[in-house]
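Asker: Before anything else, here's the structure in question.
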Amino acid sequence: MMCSECKMGVMDVVGTIGVMVAILILVLIIRFVVKKKLKETGLGKVIWKKTKNGIKVLFASGQITAALPRVVPAIG
């Protein structure tokens with residue numbers, strides 16, 4: 001047997017929520033800095049758009065990576 005059932009504890013849930021909040025705060029800080037520093041030149045919107053697209057790619061990659069252990073055994 002390769003896997004066993006995961007037992008989620010309170011600390012796992014608190015840790016997950018903490019990481020999610022930290023990432024959200026980081027994204028908001030980056031957005032604020034980009035808007036403030038590059039507002040005059042017009043580059044802020046371009047950089048924010050690229051950053052937002054990068055975050056989407058990272059999120060999708062994380063979802064794919066998380067699903068692999070369930071999908072790969074079903075293929076073979």
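The values are calculated or read from the model by the stated rules, or taken from the named source; none is laboratory data. These numbers come from a predicted model, not from an experiment. Neighbour counts are summed over all protein chains in view; Cβ atoms, including those assigned to glycine, are modelled from backbone coordinates with ideal geometry.
Asker: When Glu40 is evaluated against the numbered criteria (1) assigned to a loop (DSSP other than H, G, I, E, B); (2) at pLDDT 80 or above; (3) not small (Gly, Ala, Ser), which criterion, by number, is the only one it fails?
Answerer: Result: Glu40 fails condition (2) only.
Asker: Next question, about the same structure. Considering only residues of segment 1-51 that are among the acidic types (Asp, Glu) and surrounded by fewer than 10 Cβ atoms within 10 Å (Cβ to Cβ), which is nearest to Pro73 (Cα to Cα)?
Answerer: Filtering first and then ranking leaves Glu5.
Asker: A follow-up question, please. Condition (residue is of a type outside the set (Phe, Trp, Tyr), modelled with pLDDT under 90 and within 20 Å of Asn53 (Cα to Cα)) applied to segment 6-27: is it met by at least one residue?
Answerer: yes
Asker: Please determine, by comparing only the residues of segment 52-76 that are surrounded by 10 or more Cβ atoms within 10 Å (Cβ to Cβ), within 30 Å of Ser4 (Cα to Cα) and small (Gly, Ala, Ser), which one is modelled with the lowest pLDDT.
Answerer: Ala67
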